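Chemist: Structure below; questions to follow.
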Amino acid sequence: MKLLYTAQATVEGGREGVVRTRDGNLKLQLGTPSALGGKGGEVTNPEELFAAGYAACFQSALQRIAFQSKVPLPRSSTLTALVGLGKQDSGAFSLAVELQIHLPGLNETVAHELVEKAHQICPYSNATRGNIEVKLTVQTAETANV
């Protein structure tokens, strides 16, 4: 692999700490969600950061595939990533992801083809493939009322 870019983030204090990037563009207070027994509040957590990264990366992959396929994506298209944290029977923790891809105005078959191709080139999809469950949910105008 030819390395194209390296991001750097440093955390102090784990889930109850602070995360910041080398360039200073990101500095966030971390906290445990109340659903996991934490205080919650105006903090973020690793699962939210992973969801944000995966959603942005996957939508960019989808835009690239659509452009290469000469299929214009609707301006109102959105991508929502849900990242769940769970505990396995062994006691280890694991993630599960659902990507909700909303492509109004696209034919359902075309939308699914583009999403599957994007899933093959997205770095997050390639990193998670075979490691965690990733569910792709595609919604078009055709499936919106189903």
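Chemist: For n ≥ 4 DSSP H runs only, could you compute -39500 (n - 2.57) per run for the chain, divide by its residues and tell me the 222 nm figure to the nearest 500?
Modeler: Values: 3 runs with 43 residues, N = 146.
Computed ellipticity for the chain at 222 nm equals -9500 deg cm²/dmol.
Chemist: Could you tell me which residue out of L28, Q88, T143 lies farthest along the dipole of the chain toward its positive end? Charges go on the beta carbon: Lys and Arg +1, Asp and Glu -1, centred on the Cα centre.
Modeler: L28
Chemist: Hey, any idea what % of the chain's accessible area is carbon plus sulfur with a 1.4 Å probe?
Modeler: On the way: 5070 of 9550 Å².
Percent of accessible area from carbon and sulfur atoms in the chain: 53.
Chemist: Find the relative contact order for the chain and round it to a whole percent, using C-alpha pairs within less than 8 Å whose residues are 6+ positions apart.
Modeler: On the way: 215 pairs, mean separation 24.9, N = 146.
The normalised contact order for the chain reaches 17 percent.
Chemist: What list of ³J(HN,Hα) values in whole Hz, one per residue of the stretch 132-139 in order, does the Karplus curve 6.51 cos²θ - 1.76 cosθ + 1.60 (θ = phi - 60°) give from phi, with Gly and Pro shown as x?
Modeler: 9, 6, 10, 9, 9, 10, 10, 10
Chemist: Stretched out fully, how many nm does the piece from E133 to S69 gain, at 0.36 nm a residue minus the Cα gap?
Modeler: On the way: separation 64, 0.36 × 64 = 23.04 nm, distance 2.75 nm.
Answer, rounded to one decimal: 20.3 nm.
Chemist: Same structure again: Which percentage, to the nearest 5, of the DSSP beta bridges contained in the chain is antiparallel? Working shown, then result.
Modeler: Working: 17 of 26 bridges.
The antiparallel fraction comes to roughly 65 percent.
Chemist: Which ³J(HN,Hα) values, rounded to whole Hz and listed in residue order, are derived for the stretch 52-68 from phi using the Karplus coefficients 6.51, -1.76 and 1.60 in 6.51 cos²θ - 1.76 cosθ + 1.60 with θ = phi - 60°, glycine and proline given as x?
Modeler: For the stretch 52-68, the Karplus curve yields 4, x, 5, 4, 5, 5, 5, 5, 5, 4, 5, 4, 5, 5, 4, 4, 5 Hz.
Chemist: With N set to the number of residues, divide the alpha-carbon radius of gyration of the chain by 2.2 N^0.38 Å and report two decimals. Could you put the intermediate results ahead of the total?
Modeler: Numbers: Rg = 17.3 Å, N = 146, 2.2 N^0.38 = 14.6 Å.
Dividing the Cα Rg of the chain by 2.2 N^0.38 Å gives 1.19.
Chemist: What residues qualify as long-range amide H neighbours of L106, i.e. H under 5 Å apart, gap of 5 or more or another chain, H built at 1.01 Å from N?
Modeler: The list, which skips near neighbours in sequence, is A141.
Chemist: Leaving out ligands and nucleic acids, and using a 1.4 Å probe, what accessible area per residue does the stretch 3-136 come to in Å²? Each step should come with its number before you reach the end.
Modeler: Details: 8500 Å² over 134 residues.
About 63 Å² of surface per residue is accessible.
Chemist: If the chain between R22 and S90 were fully stretched, how many nm would it gain, using 0.36 nm times the residue separation less the Cα-Cα distance?
Modeler: Values: separation 68, 0.36 × 68 = 24.48 nm, distance 3.59 nm.
In short, 20.9 nm is gained.
Chemist: Rounded to the nearest 0.05, what FRET efficiency is calculated for S34 and Q8 with R0 set to 30 Å and r the Cβ-Cβ distance?
Modeler: Working: r = 30 Å, r/R0 = 1.00.
Efficiency, rounded to the nearest 0.05: 0.50.
Chemist: Another question, if that's okay. What's the longest uninterrupted piece of the chain once you rule out the trypsin sites (Lys or Arg not before Pro) that are loop residues per DSSP with at most 14 other Cβ within 10 Å?
Modeler: Working: sites that count: K2, R22, K39, K70, R75, R129.
Value returned for the longest uninterrupted segment is 76-128.
Chemist: Gain in length, S60 to Q120, computed as 0.36 nm per residue apart minus the alpha-carbon separation, to one decimal in nm?
Modeler: Details: separation 60, 0.36 × 60 = 21.60 nm, distance 1.26 nm.
Fully extending the segment from S60 to Q120 adds 20.3 nm.
The values are calculated or read from the model by the stated rules, or taken from the named source; none is laboratory data. Small disclaimer: the values here were computed from a predicted structure and weren't measured. Please note: Cβ atoms are built from the backbone with ideal geometry, for glycine as well, and neighbour counts cover all protein chains shown. Protein only, heavy atoms only, side chains kept; ligands, DNA and RNA dropped before computing areas. Shrake-Rupley method; radii C 1.70, N 1.55, O 1.52, S 1.80 Å.
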